[in-house]
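Trainee: Pasting a structure below so you can have a look.
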Amino acid sequence: MVKTLRRKVKKIFREFLLYHNNSLEYRAKVLTLVIGANGEMSECKEELLLQAACNIYKNDEERCEILVETVQEYFRKIITNNGLDFEHLVFQVEKETRDVKRFAQKIDIDALMKFQVCEMNEDDKIYQLRVIDFLADLKKRYA
């Protein structure tokens with residue numbers, strides 16, 4: 001109970017309370033781009049998201065959970081058209097990568113490619129692969 005409450009407070013005030021909040025937000029945006037490429041969050045994607053988050057933050061379960069919740073929050077904003085759409089998120093990731101060069105190192109192409117195993121139609125897989133290629137290009141350009 002206390003752990004859940006503490007995580008919710010950190011989520012609400014993550015900008016002030018979370019160490020390296022900008023890094024976590026950037027990672028969440030990158031993951032959201034790949035997950036949201038086809039506009040749906042399947043159970044397979046949720047499992048892979050949790051695995052990716054736990055691989056990023058190996059020793060910090062709470063930070064792992066906050067990353068997953070942040071990705072889900074961005075995804076909901078895109079789906080409900082609540083102040084964020086997919087193209088705007090692409091521009092945000094590109095701008096942040098250009099402005100903060102060290103963020104390019106946080107793009108893990110191998111982890112993003114794992115989302116290709118989830119069941120999608122062929123067009124969605126190709127679109128998701130193009131998003132991953134775009135992120136790989138950003139990493140190459142700014143790293």
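Trainee: Kindly provide the Kirkwood hydrodynamic radius of segment 34-108 in Å, to one decimal, from all pairs of distinct alpha carbon atoms.
Mentor: 13.4
Trainee: Also, quick follow-up: Could you sort 68-79, 26-37 so that the peptide with the highest average Cβ count within 10 Å comes first and the rest follow in order?
Mentor: So the order, starting with the most tightly packed, is 26-37, 68-79.
Trainee: Hey, quick one: spin label on Lys101, modelled 7 Å out along Cα-Cβ, who in segment 119-139 has an amide N within reach, i.e. under 16 Å?
Mentor: 138-139
Trainee: For Ser42, which sequence-distant residues (separation of 5 or more, or a different chain) have an amide H within less than 5 Å of its own amide H, given hydrogens modelled in the peptide plane?
Mentor: Residues meeting the amide H criterion: none.
Trainee: Counting only C-alpha contacts under 8 Å and six or more residues apart, can you give the relative contact order of the chain as a whole percent?
Mentor: Contact order relative to length: 29 percent.
Trainee: Where does segment 94-143 land on the Kirkwood hydrodynamic radius, alpha-carbon pairs, in angstrom?
Mentor: It is 11.5 Å.
Trainee: So how strong a dipole does the chain carry about its Cα centre when Lys and Arg Cβ are +1 and Asp and Glu Cβ are -1, to the nearest 20 debye?
Mentor: The calculation lands at about 780 debye.
Trainee: Right, next: For a bin width of 5 Å, list the pair-distance distribution of the chain built from all Cα-Cα distances, rounded to whole %.
Mentor: Histogramming the chain at 5 Å steps yields 2, 10, 20, 23, 23, 15, 6, 2, 0 percent.
Trainee: How much of the accessible area of the chain, in percent, comes from carbon and sulfur atoms when a 1.4 Å probe is used?
Mentor: Taking all protein chains in place, the chain shows 52 percent carbon and sulfur surface.
Trainee: At 0.36 nm per residue, minus the direct Cα-Cα distance, what do Asp85 and Leu129 gain on full extension? Give it in nm, one decimal, please.
Mentor: Once the chain is fully extended between Asp85 and Leu129, it gains 13.9 nm.
Trainee: If the limit is 21 Å between Cα atoms, which of Lys114/Lys139; Lys77/Lys140; Lys58/Lys114; Lys29/Lys140 go over it?
Mentor: Going by Cα-Cα distance, Lys77/Lys140 fall outside the 21 Å limit.
The values are calculated or read from the model by the stated rules, or taken from the named source; none is laboratory data. Bear in mind that the values here come from a model prediction, so they are computed numbers and not experimental data. Cβ atoms come from the backbone with ideal geometry, glycine included; neighbour counts cover every protein chain shown. Side chains included, ligands, DNA and RNA excluded: accessible areas come from the protein's heavy atoms. Shrake-Rupley method; radii C 1.70, N 1.55, O 1.52, S 1.80 Å.
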